[in-house]
Amino acid sequence: MNLAVPPRLRSTHTLLRELAPHLPIADRVLALSEAVSAHEVFRSLDSVADVQIFMEHHVWAVWDFMSLLKSIQSMVAPVTVPWRPPRDAAAARFINEIAAGEEGDDGPGGVPESHFAIYLEAMREVGADIRPITRFLGEMDFGFSWETALEIARPPAAAADFVRSTLRLCERPLHERVAAFTLGREEVIPSMFRPIVTHLAQASNQHGFLQNFIWYLERHLTVDGDHHGPLAAALLEQTCLRTTAQRDESLTAAEGALEAGIALWDAALASMRRDTGPLQSAAG
Ligand SMILES: [Fe+2]
């Protein structure tokens with residue numbers, strides 16, 4: 001596998017559009033991706049309670065994104081002692097670079113911090129409930145399997161379903177994981193976060209309690225949109241589209257990942273709609 005960045009900027013969607021006229025599943029993945037990007041939940045954060053509910057669902061995707069990433073890193077840039085060189089240095093660099101940013105980015109306080117920790121701090125600022133996700137991690141530290149820890153932690157039902165689907169995906173062949181990661185996550189994140197930033201920017205100017213959340217969202221617009229997109233496309237092309245069977249399995253995995261995302265956002269929106277109130281002050 002030789003993962004050179006193509007001379008022209010390509011996105012994973014460019015690849016899919018090339019496939020779509022002859023391949024219905026490529027068309028379906030594109031349509032699902034657009035449905036995620038256009039989901040109403042990202043334009044519906046109108047009250048503090050809405051932001052809290054959104055974050056209480058989204059934090060599980062922030063967490064399980066890392067498991068999907070690590071499951072790919074374990075194959076592309078494995079930790080082995082004695083060490084052996086990676087088969088594809090460009091692929092290893094891409095995955096390692098994402099992992100390095102996720103686990104130790106230059107945080108809003110000017111010191112290295114993981115995106116997950118920044119997200120938890122943002123939840124605290126907004127008064128969102130971090131107890132289920134911290135309980136989940138605590139139960140795994142205690143020795144419980146992720147399945148048992150998830151049952152004990154009692155996240156929103158749709159978030160639990162989402163985590164289960166992602167962690168089962170982590171046991172699938174590499175090409176399915178890469179397709180779900182690139183098409184189901186990396187490609188759609190900027191278009192999910194951009195409307196939230198636009199929607200919240202004015203409230204954040206007036207109320208400092210959204211600063212960490214806005215920082216988190218804007219950080220992903222920068223790194224995922226500008227830099228990671230072409231690299232993700234190259235990884236997808238090299239890992240997932242080499243044979244017909246591999247291509248079909250990969251796109252089916254991406255389809256499943258996007259459908260799981262839509263179910264999560266549908267549930268978050270339904271939960272938000274049970275609440276009303278202006279975006280005025282943090283609850284905690
Ligand atoms: Fe991140």
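Rule-based calculations on the coordinates, nothing more; no lab input. Note that the coordinates shown come from a computational prediction; the quantities given were computed from them, not determined experimentally. Note that each Cβ is placed from the backbone with ideal geometry, even for glycine, and that neighbours are counted across all protein chains shown.
A helix-only calculation puts the chain at -22000 deg cm²/dmol for mean residue ellipticity at 222 nm, using -39500 (n - 2.57) for each DSSP H run of at least four residues, averaged over all residues. In this Cβ point-charge picture (+1 for Lys and Arg, -1 for Asp and Glu), the chain has a dipole of about 460 debye about its Cα centre. Multiplying each eigenvalue of the alpha-carbon gyration tensor of the chain by 5 and taking the square root yields semi-axes of 30, 21, 19 Å, largest first, rounded to whole angstroms.
Shape of the stretch 1-120 from its Cα gyration tensor (a ≥ b ≥ c, root eigenvalues): rounded if a/c is under 1.5, otherwise prolate when a/b > b/c, or oblate?
Judged from the Cα gyration tensor, the stretch 1-120 comes out oblate (a/c at least 1.5, b/c at or above a/b).
Considering amide H positions built from the backbone, and no H for Pro or chain starts, which residues 5 or more places from GLY107, or on another chain, come under 5 Å of its amide H? Residues meeting the criterion, in which the H sits 1.01 Å from N, are GLU113. Fewest-first ordering of MET75, MET192 by other beta carbons within 10 Å of each residue's beta carbon gives MET75, MET192.
Across the chain, Cα pairs under 8 Å and at least six residues apart give a relative contact order of 35 percent. Overall, the stretch 67-114 carries a charge dipole of about 400 debye about its Cα centre when +1 sits on the Cβ of Lys and Arg and -1 on the Cβ of Asp and Glu, all other atoms neutral. The relative contact order of the stretch 82-178, computed from alpha carbon pairs under 8 Å that lie at least 6 residues apart in sequence, is 12 percent. Under the combined filter of DSSP loop state and at most 12 neighbouring Cβ atoms within 10 Å, the stretch 1-92 retains these chymotrypsin sites (Phe, Trp or Tyr not before Pro): TRP83.
What helices in the chain pass both tests, a Cα length along the helix axis of 24 Å or more and a mean Kyte hydropathy of -1.0 or higher, using whole DSSP H runs?
48-76, 189-206, 244-273
Exposure proxy shown here: for CYS240, CYS170, the number of other Cβ atoms within 10 Å sets the order, fewest to most, as CYS170, CYS240. Pick from ILE98, ILE189, ILE152: which residue has the top mean-square fluctuation in a GNM of the chain where Cα pairs under 10 Å get a spring? Judging by the Gaussian network model, the answer is ILE152. Candidates PRO85, VAL41, GLN52 compared by Cα position along the dipole of the stretch 1-90: farthest toward the positive end lies PRO85, with charges placed on Cβ. With R₀ fixed at 25 Å, the C-beta to C-beta distance from SER114 to ARG17 puts the FRET efficiency at about 0.15.
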